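Q: Let me begin by handing over the structure; questions about it come next.
The values are calculated or read from the model by the stated rules, or taken from the named source; none is laboratory data. Computed from a predicted model, the values in this text were never measured in an experiment. Cβ sites come from the backbone with ideal geometry, for glycine too, and all protein chains shown count toward neighbours.
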């Protein structure tokens with residue numbers, strides 16, 4: 001059993017204010033190192049974006065990780081089923097984030113075992129790049145199978161052309177270019193709308209990323225956290241600030257054309273299942 005280091009608030013404020021969002025942060029030992037405010041707020045901004053499309057709907061989250069995003073969505077949705085292939089993450093999430101309309105399960109995203117047409121919305125953030133290329137289409141077919149007619153799939157993945165200059169992340173086996181990703185999505189979802197997050201970050205934080213891209217995870221292990229904070233604030237001041245300021249910088253934006261995504265770190269899509 002996991003011990004709860006802090007009480008997770010059960011009732012969210014109408015607009016998910018900063019204090020509430022900080023209170024639901026996972027413990028520092030969880031993967032993705034969400035102790036970093038910028039990284040954490042990046043994920044939170046994605047979930048705040050998705051929450052608008054999940055209100056009063058039956059929702060599936062695929063690749064829920066340690067569960068804080070599922071918990072946020074459950075305060076907007078009618079019901080949330082959240083799954084992940086990592087049993088340890090699912091156990092942590094089920095113990096820490098408890099809500100009557102939120103249920104966690106361990107399952108493979110490529111073959112969930114859930115019934116056809118079960119969900120009005122499906123959310124999948126930063127999971128696609130973990131699916132081997134040969135399985136990518138089957139993964140998307142499974143998500144389409146689970147959506148109700150006219151349901152919406154909300155998903156994100158790193159933009160390979162930008163992200164591979166920022167980080168070489170263990171476990172990313174299928175990072176895609178903008179054109180390649182949307183070409184694949186539109187085979188199965190003709191109605192697919194593009195969005196982006198963290199546009200222009202590589203240019204604004206060039207020196208920071210040049211020095212940290214290759215050994216990002218090693219640096220965190222052997223350098224004092226205070227030094228890393230000083231280093232970040234000096235070379236990348238956009239990564240510092242209050243949670244409200246960070247969420248403002250990290251919010252998701254719509255794109256009129258795919259070219260707008262070319263210098264964004266994260267590419268997003270909302271795909272509608274045909275009726």
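Q: Give the number of residues within the range 233-260 that are out of contact with any strand residue (DSSP E or B) (no Cβ under 7 Å at 6 or more places or on another chain) and not in a helix (DSSP H, G or I).
A: 7
Q: In this structure, does residue 121 turn out to be touching a strand residue (DSSP E or B) at 6+ places or on another chain (Cβ under 6 Å), buried (at least 20 other Cβ atoms within 10 Å of the Cβ), within 18 Å of residue 142 (Cβ to Cβ) and modelled with pLDDT of 95 or more?
A: yes
Q: Of all residues in the range 173-191, count the ones that are over 20 Å from residue 142 (Cα atoms) and assigned to a loop (DSSP other than H, G, I, E, B).
A: Residues that pass the stated criteria total 1.
Q: Residue 195 - would you say it is surrounded by 15 or more Cβ atoms within 10 Å (Cβ to Cβ) and closer than 12 Å to residue 267 by Cβ?
A: yes
Q: Among the residues of the range 255-270, how many are in contact with a helix residue (DSSP H, G or I) (Cβ under 9 Å, 6 or more places away or on another chain), farther than 13 Å from residue 180 by Cα and surrounded by fewer than 16 Cβ atoms within 10 Å (Cβ to Cβ)?
A: The qualifying residues number 0.
Q: Which members of the range 154-165 meet the condition of being crowded, with 21+ Cβ neighbours inside 10 Å, over 13 Å from the mean Cα position of the chain (by Cα) and outside any helix (DSSP H, G or I)?
A: 159
Q: In the range 70-94, which residues are touching a helix residue (DSSP H, G or I) at 6+ places or on another chain (Cβ under 8 Å) and more than 19 Å from residue 16 (Cβ to Cβ)?
A: 83, 84
Q: Right, another one. Of everything in the range 133-153 that's under 16 Å from residue 108 (Cβ atoms) and within 18 Å of the chain's Cα centre (by Cα), which residue is surrounded by the fewest Cβ atoms within 10 Å (Cβ to Cβ)?
A: Only one residue tops the list, namely 136.
Q: Wholly within the range 69-142, which strands (runs of 3 or more DSSP E) include no fewer than the required count, namely at least 2 residues that are within 24 Å of residue 160 (Cβ to Cβ)?
A: Once the strands (runs of 3 or more DSSP E) in the range 69-142 are filtered for at least 2 residues that are within 24 Å of residue 160 (Cβ to Cβ), what remains is 119-125.
Q: Those residues that are closer than 20 Å to residue 255 by Cα and out of contact with any strand residue (DSSP E or B) (no Cβ under 7 Å at 6 or more places or on another chain), I need them from the range 188-201; list them, please.
A: Those that are closer than 20 Å to residue 255 by Cα and out of contact with any strand residue (DSSP E or B) (no Cβ under 7 Å at 6 or more places or on another chain): 190, 200.
Q: May I ask you to say which residue of 15, 83 is more than 24 Å from residue 251 (Cβ to Cβ) and either at pLDDT 95 or above or exposed (fewer than 15 other Cβ atoms within 10 Å of the Cβ) (or both)?
A: Numbers: 15 fails: more than 24 Å from residue 251 (Cβ to Cβ).
83 is the lone residue from the list that is more than 24 Å from residue 251 (Cβ to Cβ) and either at pLDDT 95 or above or exposed (fewer than 15 other Cβ atoms within 10 Å of the Cβ) (or both).
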